[in-house]
Amino acid sequence: MYNILVVDDTEINLLMTERLLEGTPVSLDTATGGEGALAYLKQKAYDLCLFDYQMPGMSGIELLNAMRELDGINSDCKVVAMTGTEDDNAADFFLDLGFDEFLRKPIKKEDLFLILFEMLNDPVFDEGSFEISAEELEKIPVKIRDIEEIDFVTGVKNAGSSADFVSAIKIFCKAINKTADEIERAFNNGDMKNYTIKVHGLKSTARMVGAFDVSELAASLEEESKSIEPHDLNEDTKKLLSLYRGLQQKIKDALSDGHKDEAQKKRIDDAYSTLKDYADTEDYDLIELILGAMEDYDMPPEDADRFERIRKSLLTFDFEAIRNTLKEV
């Protein structure tokens, strides 16, 4: 059994790596940042590490240097850089930095297995070319296949199977609000370092699921952000966010189940009705109880926004604001 550590600040990348390695002799640990990775590296010996090169906080090269400075059980561990770059000279660049190899994102199964075969010298990873059959593609729900902005064939090839692609597209969809808000906030605050990191991450995750329009625009903005004044990126940033956010409802509709949607709507409506009663009596504890019960519930964006505004109003005991919010329903 091989011990492998994968470090990436994007959840979908970690999940897909886990899925691609299912059924192989690999014990996988994952971390979303350098601090968490170093905690693993101090305690456990690894046969191979994969570090995302561009991460907020501690970058991949900073993590590599910190790992080498530990001079412990992983001092000789091989490290592969994961990157979204298309630069033909990437191999020389990463080798010069001290990495043993590099892997382009989005990670494809054949590329990952080739790296493992080379780094671990184990024929179990020598599976050659990975082809996706027509039968496998037909397992993708028709509504997903009909989304024009997503190349589902590429998505399935990147994920390794139809089931894993559907899982990936669900995670991609769930992350849209948070990621789009982070990009918008960084841009509006003039924080171009984090803006560049976030659009870089979006470039890779969008390409992974086959959302090429979003990926290509994010890639363009990533490059332009390094040399162009922020105000000149304003229109293209708005275009990216509009395109990206627009995918959310399309994916949700494609994945929707009529009976499930009906049950979901009833639960949300019941919560609103109960909240109205408690808002009238200004019962803080019971309102908090209802909000807590709905906290991890997957709901449409407009409802999620409404519940969030109610939660913020409750923190300041502004029951009038809560009642006004509930009048929208």
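The values are calculated or read from the model by the stated rules, or taken from the named source; none is laboratory data. Everything quoted here is computed from the prediction, not taken from an experiment. Please note: Cβ atoms are built from the backbone with ideal geometry, for glycine as well, and neighbour counts cover all protein chains shown.
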Being more than 26 Å from ASN188 (Cβ to Cβ) and assigned to a loop (DSSP other than H, G, I, E, B) narrows it down to one of TYR297, TYR272, TYR278, so name that one. TYR297
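Kindly evaluate GLN54 against the criterion of being assigned by TED's automatic domain parsing to the domain that holds MET119 and buried (at least 19 other Cβ atoms within 10 Å of the Cβ).
On the way: assigned by TED's automatic domain parsing to the domain that holds MET119: yes; buried (at least 19 other Cβ atoms within 10 Å of the Cβ): yes.
The answer is yes for GLN54.
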Selection from region 222-243 of residues loosely packed, with under 15 Cβ neighbours inside 10 Å and in a loop (DSSP other than H, G, I, E, B) yields LYS226, SER227, ILE228, GLU229
Inside region 72-118, can you point out the residues that are in contact (Cβ under 8 Å) with a residue 40 or more places away in the chain, of a type in the set (Lys, Arg) and under 27 Å from GLY155 (Cβ atoms)? LYS105, LYS108, LYS109
Residues of region 284-323 being farther than 26 Å from ALA175 by Cβ and either assigned by TED's automatic domain parsing to the domain that holds ALA175 or in contact (Cβ under 8 Å) with a residue 40 or more places away in the chain (or both), which ones? PHE319, ILE322, ARG323
In region 10-19, is there at least one residue being closer than 17 Å to ARG68 by Cα, assigned by TED's automatic domain parsing to the domain that holds PHE117 and under 18 Å from the mean Cα position of the chain (by Cα)? no
Go over the candidates ILE197, ILE150, ILE176 one by one and state the one that is more than 21 Å from ASP8 (Cβ to Cβ) and under 17 Å from the mean Cα position of the chain (by Cα). ILE150
Could you grab me the full set of residues in region 201-212 that are more than 15 Å from THR179 (Cα to Cα) and either surrounded by fewer than 17 Cβ atoms within 10 Å (Cβ to Cβ) or touching a strand residue (DSSP E or B) at 6+ places or on another chain (Cβ under 9 Å) (or both)? PHE212
Which of the following residues is more than 21 Å from the chain's Cα centre (by Cα) and not β-branched (Val, Ile, Thr): LYS109, LYS139, LYS105? LYS139
In region 65-108, which residues are surrounded by fewer than 20 Cβ atoms within 10 Å (Cβ to Cβ) and in a helix (DSSP H, G or I)? ASN65, ALA66, ARG68, GLU69, LEU70, ALA90, ALA91, ASP92, PHE93, LEU95, ASP96, LEU97
Restricting the search to region 205-221, which residues are part of a helix (DSSP H, G or I) and either among the hydrophobic types (A, V, I, L, M, F, W, C) or in contact (Cβ under 8 Å) with a residue 60 or more places away in the chain (or both)? THR205, ALA206, ARG207, MET208, PHE212, ASP213, VAL214, LEU217, ALA218, ALA219, LEU221
With respect to LYS238, determine if the residue is without any contact (Cβ under 8 Å) to a residue 12 or more places away in the chain, in the same structural domain as ALA168 (by TED's automatic domain parsing) and within 28 Å of THR154 (Cβ to Cβ). yes
Can you name the number of the only condition in (1) under 22 Å from MET208 (Cα atoms); (2) part of a helix (DSSP H, G or I); (3) at pLDDT 90 or above that LEU41 fails? (1)
Any residue at all in region 140-150 that is surrounded by 19 or more Cβ atoms within 10 Å (Cβ to Cβ) and of a type outside the set (A, V, I, L, M)? no
